[in-house]
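The structure appears right after this line, and notes come after that.
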Amino acid sequence: MNQKKWKAKGIFLDLDGTIVDSTGAYVEAGRIAFKAINKKTPETKVLLEIPKRMEQRITIEDLTGGNTKEFMQVYLKAYYSVTEAKTRLMPNVSGTLQTLSKRAKIALITMRYCPNQVIQKELDFFGIAKYFTYVVTAIDTTKPKPSPEAIVQCVKALDVEMCECIIAGDSVNDIKAGKAAGARTVAVLSGLFQRDELIRENPDLVLPDVNTLPDFIE
């Protein structure tokens, strides 16, 4: 890949699928929720389709048999209750964050609808909280990704210019938010979305995971 290195003063990273592997939490929450609505638990591939659809606001009625409201009440409660036990830090991410933090200020933007303190606790547990200057959750915004609101917040908090910033994430909403804000966008293939789904959003760069990002930052 013949990619010129970028100068960056702000780097905004997604959480699930980028920094941490949350597939275990998604699967367990799905199992609990399907049991609650008395439906057979589908295969893992289908269980992982649920958070993808939720993020894109695509219906899951065909999966829940019309019991989506009851399903979602159980699913979300279960997801947040098992996150701590089922979520894992992506391999080598701690060293990557250390490297990136020496080159730019780092912020975390997550679509998890939970208090900021909960995310800070998780980052502390994984030993990576020190690398983040700022954290934004879905509660901290009126419109979560793909709205650029969280990115604009980060730019102000980090006191940088949008043209000096990069957002990296595993979902189409990360790329859409970055494009809407005017930041450079990096899609990583370590999460739920496939390469072709991400490429359709025209990211500036596609990488296998966030660990290769330092190779493209001066």
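The values are calculated or read from the model by the stated rules, or taken from the named source; none is laboratory data. Being a predicted model, the structure only gives us computed values, none of them experimental. Positions of Cβ are generated from backbone atoms using ideal geometry, with glycine treated the same way; all protein chains shown enter the neighbour counts.
If you check M54, M90, M1, which single one turns out to be modelled with pLDDT under 95 and either surrounded by fewer than 14 Cβ atoms within 10 Å (Cβ to Cβ) or farther than 28 Å from T142 by Cα (or both)?
M1
Here is a list: T44, T68. Which entry is β-branched (V, I, T), within 23 Å of Q194 (Cβ to Cβ) and either surrounded by fewer than 18 Cβ atoms within 10 Å (Cβ to Cβ) or in contact with a helix residue (DSSP H, G or I) (Cβ under 6 Å, 6 or more places away or on another chain) (or both)?
Answer to the selection: T44.
Six or more apart or on different chains, Cβ under 7 Å: which pairs go from a residue in the stretch 54-66 that's in the same structural domain as A33 (by TED's automatic domain parsing) to one that's surrounded by 18 or more Cβ atoms within 10 Å (Cβ to Cβ) and at pLDDT below 95? Could you list them?
From the stretch 54-66, the pairs are E55/M111.
Against the conditions (1) assigned by TED's automatic domain parsing to the domain that holds V186; (2) out of contact with any helix residue (DSSP H, G or I) (no Cβ under 8 Å at 6 or more places or on another chain), where does R103 fall short? Just the number, please.
(2)
Taking helices (runs of 4 or more DSSP H) that do not extend beyond the stretch 123-218, which have at least 2 residues that are crowded, with 20+ Cβ neighbours inside 10 Å and modelled with pLDDT of 95 or more?
149-158, 172-181
Among (1) in contact with a strand residue (DSSP E or B) (Cβ under 6 Å, 6 or more places away or on another chain); (2) in contact (Cβ under 8 Å) with a residue 24 or more places away in the chain, which single condition is L192 missing?
(1)
For E218, all conditions in the list (1) in contact (Cβ under 8 Å) with a residue 24 or more places away in the chain; (2) under 22 Å from T23 (Cβ atoms) hold save one; what is the number of the exception?
Here E218 meets the rest and fails (2).
Mind checking which residues of the stretch 154-206 are under 21 Å from N92 (Cα atoms) and polar (S, T, N, Q)?
S171, S190
Y113 - would you say it is aromatic (F, W, Y), free of Cβ contacts under 8 Å to residues at least 60 places away in the same chain and closer than 26 Å to T212 by Cβ?
Judged against the criteria, Y113 is not a match.
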